[in-house]
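A.B. asks: One structure follows; several queries about it will come next.
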Amino acid sequence: MPLKANDTDGAVTRKRLETWAAGREKVTIVAATDAATVQTAAQLSGAARVVYTMTPSTGRTLTTPTGAQLGAGFTDEAVGTSFEFTVVNVAAATHAITLTAGASGVTLLGVAGMATVAAASSATFVGVFTAADTVSIYRK
């Protein structure tokens, strides 16, 4: 979340700084059900760090919001700003969680298999705004 002002006079106020600092410290834990799951822009934009946990009984998908939904959720973002989230796969063995891109405006970038989180492991992903409604996601 950048310190881009959203006040009518364009000033960065003390309140704006307080809000920004509080957001940078907040961690949200989302316990995903054992099913295909869709992230929400509200979950991703509501904290500096978001952790999704899941114990899949078979291979599962975690789908990002669309680029337009992310752009609407991160109302104060500018091109080049980023957010991050972690996926924790609590399954003891075998069952992977695969991150998939939302219907439009989101691109997963990196080596083959970068979007798969194996059982008993975790992965952190970074989303970077390349336009107001376009996001590229990289595995950290």
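The values are calculated or read from the model by the stated rules, or taken from the named source; none is laboratory data. Since we're looking at a predicted model, the values are computed, not measured. As a convention, Cβ positions derive from the backbone with ideal geometry for all residues, glycine included, and neighbour counts pool all protein chains shown.
A.B. asks: Any idea which of LEU70, LEU108, LEU99 is under 25 Å from THR33 (Cα atoms), in contact (Cβ under 8 Å) with a residue 60 or more places away in the chain and surrounded by 14 or more Cβ atoms within 10 Å (Cβ to Cβ)?
C.D. replies: Of LEU70, LEU108, LEU99, the one residue that is under 25 Å from THR33 (Cα atoms), in contact (Cβ under 8 Å) with a residue 60 or more places away in the chain and surrounded by 14 or more Cβ atoms within 10 Å (Cβ to Cβ) is LEU70.
A.B. asks: Taking the condition of being outside any loop (DSSP other than H, G, I, E, B) and within 11 Å of ALA118 (Cα to Cα), how many residues in the stretch 61-98 meet it?
C.D. replies: Counting residues in the stretch 61-98 that are outside any loop (DSSP other than H, G, I, E, B) and within 11 Å of ALA118 (Cα to Cα) gives 5.
A.B. asks: Taking the stretch 87-111, which residues are at pLDDT below 95, among the β-branched types (Val, Ile, Thr) and under 18 Å from ARG60 (Cα atoms)?
C.D. replies: THR94
A.B. asks: VAL135 passes all but one of (1) touching a Phe, Trp or Tyr at 6+ places or on another chain (Cβ under 9 Å); (2) surrounded by 15 or more Cβ atoms within 10 Å (Cβ to Cβ); (3) modelled with pLDDT under 95; which number fails?
C.D. replies: Single failed check for VAL135: (3).
A.B. asks: Hey, could you check the stretch 38-53 for residues that are closer than 12 Å to GLU84 by Cα and part of a loop (DSSP other than H, G, I, E, B) and say which is modelled with the highest pLDDT?
C.D. replies: Among those that are closer than 12 Å to GLU84 by Cα and part of a loop (DSSP other than H, G, I, E, B), it is GLY46.
A.B. asks: Right, here's the next one. Given (1) touching a Gly at 6+ places or on another chain (Cβ under 8 Å); (2) among the polar types (S, T, N, Q); (3) over 25 Å from ARG16 (Cβ atoms), identify the lone condition not met by SER82.
C.D. replies: For SER82, the failing item is (3).
A.B. asks: Only residues that are loosely packed, with under 13 Cβ neighbours inside 10 Å and of a type in the set (A, V, I, L, M): list them for the stretch 73-96, please.
C.D. replies: Scanning the stretch 73-96 gives ALA78, VAL79, ALA92, ALA93.
Yes or no, residue by residue, for (1) at pLDDT below 95; (2) under 25 Å from ALA103 (Cβ atoms):
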{"position": "ARG16", "(1), (2)": "yes, no"}
{"position": "ALA36", "(1), (2)": "no, yes"}
{"position": "THR55", "(1), (2)": "no, no"}
{"position": "PRO65", "(1), (2)": "no, yes"}
{"position": "PHE85", "(1), (2)": "no, yes"}
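A.B. asks: Same structure again: Which one is modelled with the lowest pLDDT among residues in the stretch 112-132 that are in a loop (DSSP other than H, G, I, E, B) and within 20 Å of ARG60 (Cα to Cα)?
C.D. replies: Looking at residues that are in a loop (DSSP other than H, G, I, E, B) and within 20 Å of ARG60 (Cα to Cα), I get ALA112.
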